[in-house]
Amino acid sequence: MIREKVPFPKALGYICTHVCELKCKRGEVNEAMAIRGIKRYATDHDTGSVWKGKGKQLQDTGKKVCVVGGGPAGLTAAYYLRKQGHAVTVKEALPTVGGMMAYGIPSYRLPREIIAEEAEVIARQGVQIEVNEKVEKPLELLQEYDAVLMAIGGHKGVRLPMEGNGLDGVILNADFLRNASMGKETGIGRKIIVLGGGNVAFDCARTAKRLGAQEIHLACLEAREAMTADDEEIQQAQEEGIIVHPAQTFERITGKEHVTGVDFMNVKSFAFDENRRAVIEKEEGSEHHIDADTVIFAVGQRPDITEEAGLELGRGNTIAVKDTDRQKESSVQGIFGAGDAIYGTKSVIMAIESGREAASEIDRYLGGDGDISEILAPVGDAEPYIGQCPGFGYLEKKQTQVDEPGKRADNFNLYDHGISDGDICAEAGRCLQCDLRLKIAGPSLWGDFAENKEA
Ligand SMILES: Cc1cc2nc3c(=O)[nH]c(=O)nc-3n(C[C@H](O)[C@H](O)[C@H](O)COP(=O)(O)OP(=O)(O)OC[C@H]3O[C@@H](n4cnc5c(N)ncnc54)[C@H](O)[C@@H]3O)c2cc1C
Ligand code: SF4
């Protein structure tokens, strides 16, 4: 059932942002279900017997589609467009597909063989994948293809406009993580300051740690409770020795030619005004300095595209489309957009959703009905008995098995091994089976019973 809607179920089991858990009804009883952990267990143990060789594959339509970018949005669209019968080619700039799953998310969170395994299913469906193929002029593709999908993500790091931002030793998040993923020289020294407080900043800090940096500071504008990174990510980074400095303004990067550190001030209050402009109140006399030989900007990333590509661009250098949800056609007829390239960095699951929507829209554009749904397995009947064990309401969420900091912080091995075999049934058993509410029938009244009895 998971695979009916997503071609990357296994990768999602490891790195999904699991926002569904925020809505889980079990959270109103005590703790939300470990939905991601349960799905990871299911996909880790999947043999493919239920779905391999099944599913939709419509007759060839004779139409050709080029997908630019082999991240989750592009590959998802390619997979479903192929199933609709179109000939699909994916052109990917880097040496392998996967996008930010392969060149942003570090391998200690998502092993690369999982991406390769899931991309292989897409290739086996008949999608042509061409790597090391950077597309500079998408409009020219319309001479060969009936439709083009731009799913190029956001691979250009943002350099804040501040003193010292061009010194030697200043690195951008996207370049740093890409080089680290490819095993290339990253240019970091021994003392690092990461500027930014989101999950990407923590990926940078923890990657620098694993590459051997001696001292790593992470500083951000937000107060600790307002930091956008997951609590788990912050806690694990601190366990690994990363020093976190919330509520800091970045005054200047110091140094003559090479970085020598960063000057900071403490933030007293920080909010956005009605025009989404940051209003920052600094603490008087709080100027301080941290020494470093490397500064990594981790304050966002944008699509790597200019107007020379011939497409209208929007806010944050995104590819402008008619409507990011429902109408993904760009300013040029026949060229569509999907994923981070049209709305900025969000998440893998949102990129997959965007890729599915684009596939459906392009299929309609090419004369199809746009129905990309498929059924791989029948939906079983829900087990109607719950809460039969004593203390059901108090059963605690089962945790994943995480390696100790000493075992994980100096290497890129997967460190979170998921929910154990011994715990998985107990965790799944905490579910309230909310779908049972659909089966609730009207109450049987005594009168009905008496009538039936007389009859
Ligand atoms: C460091 C980092 C960590 C993240 N961690 C998580 C996480 O834990 N969980 C989560 O859900 N999300 C995470 N995200 C967000 C998630 O990875 C992205 O939202 C998602 O990958 C976007 O998918 P996409 O297909 O739109 O773009 P991408 O994944 O960026 O893929 C775009 C692809 O297009 C290629 N490309 C670019 N330009 C061209 C061109 N001109 N020609 C050909 N190919 C081109 C790129 O090489 C890339 O392969 C993270 C993002 C980053 C940066
Ligand atoms: S069905 Fe289970 S996992 Fe879904 S919301 Fe209800 S309790 Fe949570």
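Restricted to the stretch 317-329, and to residues that are at pLDDT 95 or above and not β-branched (Val, Ile, Thr), which residue is farthest from residue 251 (Cα to Cα)?
Start the filter on the stretch 317-329 by keeping residues that are at pLDDT 95 or above, which leaves 317-321.
If we keep only those that are not β-branched (Val, Ile, Thr) too, we end up with 317, 320.
On the way: 317: 26, 320: 34 Å.
My answer is 320.
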Item checked: Residues that are acidic (Asp, Glu) and more than 27 Å from residue 1 (Cα to Cα), drawn from the stretch 50-96 -> 92
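Every residue, every condition in (1) within 16 Å of ligand 1 (Cβ to nearest atom); (2) touching a helix residue (DSSP H, G or I) at 6+ places or on another chain (Cβ under 7 Å), yes or no:
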{"residue": "217", "(1), (2)": "no, no"}
{"residue": "227", "(1), (2)": "yes, yes"}
{"residue": "231", "(1), (2)": "yes, no"}
{"residue": "244", "(1), (2)": "no, yes"}
{"residue": "261", "(1), (2)": "no, no"}
{"residue": "270", "(1), (2)": "no, no"}
{"residue": "277", "(1), (2)": "no, no"}
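Among the listed residues 21, 28, identify the single one that is of a type in the set (Asp, Glu), under 19 Å from the mean Cα position of the chain (by Cα) and over 25 Å from residue 149 (Cα atoms).
None of the other options fit; the residue is 21.
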Note to self: Restricting to the stretch 356-383, name every residue that is part of a helix (DSSP H, G or I) and either more than 23 Å from residue 35 (Cβ to Cβ) or without any contact (Cβ under 8 Å) to a residue 60 or more places away in the chain (or both).
What the structure shows: 357, 358, 359, 360, 361, 362, 363, 364, 365
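Check whether at least one residue in the stretch 73-83 is within 16 Å of ligand 2 (Cβ to nearest atom) and within 28 Å of residue 154 (Cα to Cα), and report yes or no. Break it down stepwise before answering.
Keep residues of the stretch 73-83 that are within 16 Å of ligand 2 (Cβ to nearest atom), which gives none.
The answer is no, given that none of the residues of the stretch 73-83 is within 16 Å of ligand 2 (Cβ to nearest atom) and within 28 Å of residue 154 (Cα to Cα).
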Notebook entry, point to check: Is the stretch 60-70 home to any residue that is within 14 Å of ligand 2 (Cβ to nearest atom) and either basic (Lys, Arg) or not assigned by TED's automatic domain parsing to the domain that holds residue 419 (or both)?
Noted result: no
Margin query: residue 386 - would you say it is within 16 Å of ligand 2 (Cβ to nearest atom), in a loop (DSSP other than H, G, I, E, B) and at pLDDT below 75?
Written below: yes
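Touching a residue at least 12 places away in the same chain (Cβ under 8 Å) and under 15 Å from residue 5 (Cβ atoms): does that describe residue 319?
Details: touching a residue at least 12 places away in the same chain (Cβ under 8 Å): yes; under 15 Å from residue 5 (Cβ atoms): no.
No.
Go through the residues of the stretch 238-247 one by one and say whether even a single one is at pLDDT 95 or above, in contact with a strand residue (DSSP E or B) (Cβ under 9 Å, 6 or more places away or on another chain) and among the charged types (D, E, K, R). Please lay out each step first, then the result.
First pass over the stretch 238-247, keeping only residues at pLDDT 95 or above: 238-247.
Narrowing the set further to residues that are in contact with a strand residue (DSSP E or B) (Cβ under 9 Å, 6 or more places away or on another chain) leaves 238, 240-247.
With the extra rule that they be among the charged types (D, E, K, R), the set shrinks to 240.
There is at least one residue in the stretch 238-247 that is at pLDDT 95 or above, in contact with a strand residue (DSSP E or B) (Cβ under 9 Å, 6 or more places away or on another chain) and among the charged types (D, E, K, R).
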Margin query: I need every pair where a residue in the stretch 233-246 that is surrounded by 18 or more Cβ atoms within 10 Å (Cβ to Cβ) has its Cβ under 7 Å from the Cβ of a residue that is among the acidic types (Asp, Glu) and in a loop (DSSP other than H, G, I, E, B), sequence separation at least 6 or different chains.
Written below: 246/222
Next item on the list: Would you mention how many residues in the stretch 126-154 are crowded, with 16+ Cβ neighbours inside 10 Å and either closer than 21 Å to residue 83 by Cα or in contact with a Ser or Thr (Cβ under 7 Å, 6 or more places away or on another chain) (or both)?
Entry: 11
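Looking only at the stretch 306-337, count how many residues are touching a helix residue (DSSP H, G or I) at 6+ places or on another chain (Cβ under 9 Å) and part of a loop (DSSP other than H, G, I, E, B).
The number of residues fulfilling the criteria is 15.
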Next item on the list: Please find, within the stretch 21-79, the residue that is surrounded by the fewest Cβ atoms within 10 Å (Cβ to Cβ) out of those that are free of Cβ contacts under 8 Å to residues at least 24 places away in the same chain and within 16 Å of ligand 1 (Cβ to nearest atom).
Entry: 22
Margin query: Can you report the number of residues in the stretch 197-229 which are in contact (Cβ under 8 Å) with a residue 40 or more places away in the chain, within 18 Å of the chain's Cα centre (by Cα) and either outside any helix (DSSP H, G or I) or more than 23 Å from residue 261 (Cβ to Cβ) (or both)?
Written below: 2
Check: modelled with pLDDT under 95, in a loop (DSSP other than H, G, I, E, B) and under 22 Å from the mean Cα position of the chain (by Cα) - does that describe any residue in the stretch 272-284?
Finding: no
Checklist line | Within the stretch 75-184, helices (runs of 4 or more DSSP H) holding 1 or more residues that are of a type outside the set (A, V, I, L, M, F, W, C) and over 30 Å from residue 43 (Cα atoms) | finding: 173-181
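The values are calculated or read from the model by the stated rules, or taken from the named source; none is laboratory data. Model, not experiment: these values are computed from the prediction. Neighbour counts run over all protein chains shown; Cβ positions are idealised from the backbone, glycine included.
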